[in-house]
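Heads up, the thing below is written out as structure tokens.
The values are calculated or read from the model by the stated rules, or taken from the named source; none is laboratory data. Source: prediction; values computed, not measured. Cβ placement follows ideal geometry from the backbone for every residue including glycine, while neighbour counts extend to all protein chains displayed. Side chains included, ligands, DNA and RNA excluded: accessible areas come from the protein's heavy atoms. Shrake-Rupley method; radii C 1.70, N 1.55, O 1.52, S 1.80 Å.
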Amino acid sequence: MNTNPAGNGEFGQRPANNTGPIVPKTASEALRPEAGTPPPKRSRASRSQVVVFMNFVISLVMLMVLAAGAALYFGKQEFTEPGPSANGDTFLVKPNTGVQDIADQLERRGLISDARVFRLGVRAFGNDSALKAGEYEIKPRASMRDIMELLKSGKSVMYSLTIPEGLTVEQALQRIADEPALSGDMPATTPPEGSLATDTLRFTRGATRQQMIDKLVADQKKLVDEVWQRRAPDLPLANIEDFVTLASIVEKETGRGDERSRVAAVFINRLAKGMRLQSDPTIIYGLFGGKGKPADRPIYQSDIQKQTPYNTYVISGLPPTPIANPGRAALEAVANPSKTDDLYFVADGTGGHVFAATLDEHNENVARYRALQKKQADDAAKAAAAAGTNGNADKPATDKPAADKPADGNNSTGGDNGDAGGDAGDAQ
């Protein structure tokens with residue numbers, strides 16, 4: 001009999017205390033597997049609900065950190081990658097619009113892919129309250145970050161409104177009323193004639209029409225006051241209002257910068273001698289006011305002697321108000337006119353004028369101008385005949401009597417020693 005106490009394949013079994021005799025096993029008992037060593041029992045602390053909960057919380061936090069990291073990574077990628085708009089567009093941010101509304105509008109317009117990503121990105125960069133109102137030019141494929149930086153910069157789309165020299169207040173206000181980028185109603189009260197600056201204003205969409213008018217009025221007042229302070233000491237002008245009125249006449253008489261001061265000198269000399277100004281633009285303003293003369297309406301012979309408060313062929317001195325808005329050049333010309341003895345000027349046929357100090361010299365200039373006009377008319381008639389057309393076929397018919405023909409620029413006025421401009425009447 002095997003007396004080995006190893007335990008594997010034994011035929012007998014020694015008592016646990018190794019003090020008793022070996023008890024033999026049957027063959028079936030020897031082949032039956034014995035139980036292994038049992039695992040150690042869990043401690044009471046490991047079975048605590050607090051520990052289980054803390055393990056769950058830690059695991060949850062780790063998952064959240066991983067999810068947040070992934071969201072941050074992919075969100076940053078989406079925030080900085082090129083946007084969905086292939087063509088770009090303009091985008092208007094109204095005053096007091098929040099980031100959420102801006103983001104929603106951008107997404108609806110197809111300028112960004114996700115409003116939530118844009119909103120969170122703006123807040124992550126600390127720009128939640130830094131986006132400025134205005135209209136912005138968003139470039140094609142602009143990223144959310146590009147759009148954020150643009151809206152933060154405040155670099156809005158700028159529009160231009162130009163008020164040229166020589167427009168009346170009514171004509172200038174019509175331009176302001178017709179500008180679609182401006183907002184608000186026109187003022188109920190029309191500013192005085194000559195009180196608007198001739199300038200180009202830059203503005204952003206949403207600026208009001210009243211703001212534009214207020215700026216033009218303020219700029220013109222500042223300009224007029226500035227130039228008036230630098231005027232020559234011997235001007236025959238009673239006050240600053242007369243100064244603006246004469247400047248408006250000079251503005252309408254010529255657009256040539258090289259002859260404004262000489263045209264101004266003619267009118268200054270006439271005022272000093274008590275002669276009527278006899279300026280054609282004053283006839284037109286007296287007939288049509290601030291609306292201006294229709295392009296197809298000539299000045300007729302009868303217009304020259306029509307009694308209006310502005311017609312300087314029939315009134316002495318200056319009209320009661322300006323006849324247009326004068327620009328800086330015209331104001332400067334009147335404040336410091338050329339030192340000449342000129343009393344007359346007439347068109348030279350090339351866009352300018354020729355000047356004269358005496359009536360005889362002026363009449364010679366008028367005769368040359370009339371000859372030039374006749375030659376131009378003859379050349380036009382010959383060209384029309386060569387083309388096989390009637391030179392008058394395209395001219396509108398007129399129901400005016402022959403005695404009231406359109407003035408050709410040099411017809412008799414019966415004025416005092418001849419007209420200054422020679423554009424509506426001929427000196428005699």
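Values for this structure:
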| quantity | calculated |
| --- | --- |
| Accessible area of the range 160-220 belonging to carbon and sulfur atoms, whole % at 1.4 Å probe | 48 |
| Rounded to whole Hz, the Karplus (6.51, -1.76, 1.60) HN-Hα couplings of the range 252-267, x for glycine and proline | 7, 6, 8, x, 8, x, 7, 10, 4, 5, 7, 4, 4, 5, 4, 5 |
| Dimensionless Rg ratio for the range 101-234, taking C-alpha atoms and the 2.2 N^0.38 Å reference | 1.48 |
| Heavy atoms of M212: accessible area, 1.4 Å probe, square angstrom to 10 | 20 |
| Estimated translational D of the range 324-373 in µm²/s (Stokes, Kirkwood radius over Cα pairs; 10 °C; 1.306 mPa s) | 128 |
| Local electrostatic count at N325 - Lys and Arg +1, Asp and Glu -1, tallied over other residues with Cβ under 13 Å | -2 |
| Pairwise Cα inverse-distance average, inverted: Kirkwood Rh of the range 87-180 (Å) | 14.9 |
| Surface accessible to a 1.4 Å probe, I299 within the full protein complex, Å² | 30 |
| Solvent exposure of the range 129-268 as accessible area per residue, Å², 1.4 Å probe | 48 |
| Diffusion constant of the range 282-359 at 10 °C, which comes from Stokes-Einstein with the Kirkwood Cα-pair radius and 1.306 mPa s, µm²/s | 107 |
| Amide hydrogen neighbours beyond the local backbone of I138, cut-off 5 Å, H modeled | D89, T90, F91 |
| Once the Cα gyration tensor of the range 225-297 is diagonalised, semi-axes √(5λ) in Å | 23, 14, 13 |
| Sulfur and carbon atoms: percent of accessible area, the range 258-316 [1.4 Å] | 50 |
| Quotient of C-alpha Rg and 2.2 N^0.38 Å, computed over the range 168-256 | 1.24 |
| Radius 13 Å from Cβ of K76, net charge of other residues (Lys, Arg +1; Asp, Glu -1) | -2 |
| By accessible area with a 1.4 Å probe, ligands and nucleic acids excluded, highest first: order of V346, V52 | V52, V346 |
| Percentage relative contact order, the range 206-356, counting C-alpha pairs under 8 Å, at least six apart | 32 |
| Solvent-accessible area of E137 with every protein chain in place, 1.4 Å probe, in Å² to the nearest 10 | 100 |
| Fully extended contour minus Cα-Cα distance, from Y159 to R202, at 0.36 nm per residue | 14.9 nm |
| Measure of compaction for the range 159-204 (Cα Rg per 2.2 N^0.38 Å) | 1.11 |
| Q229 paired with V65, simple spin-label distance in nm, labels 7 Å along Cα-to-beta-carbon | 7.1 |
